[in-house]
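The values are calculated or read from the model by the stated rules, or taken from the named source; none is laboratory data. Computed from a predicted structure; not experimentally measured. Glycine gets a Cβ as well: all are built from the backbone with ideal geometry, and neighbour counts include every protein chain shown.
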Amino acid sequence: MPLADTFIAKLSEFHITLEDETLEYLSGMFDDMQLNDLRESTETFLVDANASSRTIDAFYESILKAGAVHDLEPEQEDSSRKPKKLEKPQQQAAKISEISSKSGETSRKSAARRGRRSKKSEGQRTPSQDEPEEANIIAISQQSRFHLETLETMNTEIDLRDVQLSVNQVDLLVDAKLKLKAGTRYGLVGQNGVGKTVLMKCMADGTLIGLPKNVHILHIAQLQIQNENTSVLEEVLSADQRSMTILREGKMLQEAQGQNLEDTEGLYQTIYQILVSRARDRLDEANKLAIRRSGTRGHDARQELIKQEQAMADILAKTSAEVVTQENANEIVAEVFERLAL
């Protein structure tokens, strides 16, 4: 089976959906591509399609096995000593060309149809695909050694130099400059797989080292399976973790106050759950910074991680009555509803 047909068939087998334009672009690459160069040339397309690293590894391993079997087929045919009546060379070549053309066209069309159907049938995915494993993404930029403008600043403009972006040791950006001015609309233009989606994702989740901490970036994935009943507002809010946290805390307090206005114990328990959730969020953020930073900043980040781990252990070791008081309860309720009103 030609490499292009094998690639498309495996996309369907592993429930990886690529856009029609991407498939058309890749079809022109397979003619001059060797099997050993396949992963390096096409992996970024699978990353942009939100395929997990585990799925990507299994995908290329399956293609390599299929290629090895394909390479052995001529030897198996030659080892057969049964007499066969061979057709004339011209007739045989014509038949092979016709069969290959038809099978390739049918495979591409059926794979495209299966890909479109897989977008609509989320329930057909296996549990391992519902829990994707994140790809190994490294995103860094040049940072000043004597200033903190890359960490804390009131300026909302982004100006990063020597941006390096790689996915699973495949370089997407090398020594690039990223400059975004507030109030200006930008569009990322480039071929599929060059890293546009990965760059936006790294900026949104804070993976790109050097972004100012005060800049709030939202990323709404384009290729994820969407619920047709979800409104645009709900989709935007779901990408904003801060807003979702505020809405969740507000809903928890409203439910606690609505059940019984005199039930202070229930209200205190809800506030305790909010404090535990906030402590867990701070711990997760400290853990991310400790992993990404090195040198002096890495040391400071690890010290902050130890501090947040201790704070998390302390609050879990206490009950709601020991943590929540009348004073801090009033402060938290006022804070949540004030943020909710904004």
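Screening region 30-59 for residues that are more than 19 Å from the chain's Cα centre (by Cα) and assigned to a loop (DSSP other than H, G, I, E, B) and picking the one that is nearest to HIS219 (Cα to Cα) gives MET33. Can you spot a residue in region 49-69 that is surrounded by 15 or more Cβ atoms within 10 Å (Cβ to Cβ), at pLDDT below 85, polar (S, T, N, Q) and out of contact with any Asp or Glu (no Cβ under 9 Å at 6 or more places or on another chain)? Yes, some residue in region 49-69 is surrounded by 15 or more Cβ atoms within 10 Å (Cβ to Cβ), at pLDDT below 85, polar (S, T, N, Q) and out of contact with any Asp or Glu (no Cβ under 9 Å at 6 or more places or on another chain).
Taken across region 299-312, residues that are in the same structural domain as LEU247 (by TED's automatic domain parsing), in contact with a helix residue (DSSP H, G or I) (Cβ under 8 Å, 6 or more places away or on another chain) and more than 29 Å from ASP205 (Cα to Cα) do not occur at all. Can you tell me which of (1) closer than 30 Å to ALA139 by Cα; (2) of a type in the set (Asp, Glu); (3) at pLDDT below 90 is the one GLU309 doesn't meet? Unmet for GLU309, out of (1) closer than 30 Å to ALA139 by Cα; (2) of a type in the set (Asp, Glu); (3) at pLDDT below 90: (3). Look at (1) farther than 29 Å from ASP20 by Cβ; (2) modelled with pLDDT under 70; (3) charged (D, E, K, R) and you find that ASP175 fails only one, number (2). Within region 169-178, the set of residues being in contact with a strand residue (DSSP E or B) (Cβ under 8 Å, 6 or more places away or on another chain), touching a residue at least 12 places away in the same chain (Cβ under 8 Å) and surrounded by fewer than 11 Cβ atoms within 10 Å (Cβ to Cβ) comprises just one member, ASP175. Looking at SER41, SER12, just one residue is modelled with pLDDT of 85 or more and touching a helix residue (DSSP H, G or I) at 6+ places or on another chain (Cβ under 9 Å), and that residue is SER12. Of the residues making up region 303-327, not one is free of Cβ contacts under 8 Å to residues at least 12 places away in the same chain and in contact with a Leu (Cβ under 9 Å, 6 or more places away or on another chain).
Would you pick out the residues in region 176-189 that are in a strand (DSSP E or B) and under 22 Å from SER41 (Cβ atoms)? Let's see the steps before the verdict.
So in region 176-189, the residues in a strand (DSSP E or B) come out as 176-180.
Matches in region 176-189: ALA176 only.
Condition check ((1) over 29 Å from GLU21 (Cα atoms); (2) part of a helix (DSSP H, G or I); (3) free of Cβ contacts under 8 Å to residues at least 60 places away in the same chain; (4) in the same structural domain as LEU18 (by TED's automatic domain parsing)) across all residues:
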site	(1), (2), (3), (4)
LEU165	no, no, yes, no
GLN191	no, no, no, no
MET200	no, yes, yes, no
ILE217	no, no, yes, no
GLU234	no, yes, yes, no
GLU249	yes, yes, no, no
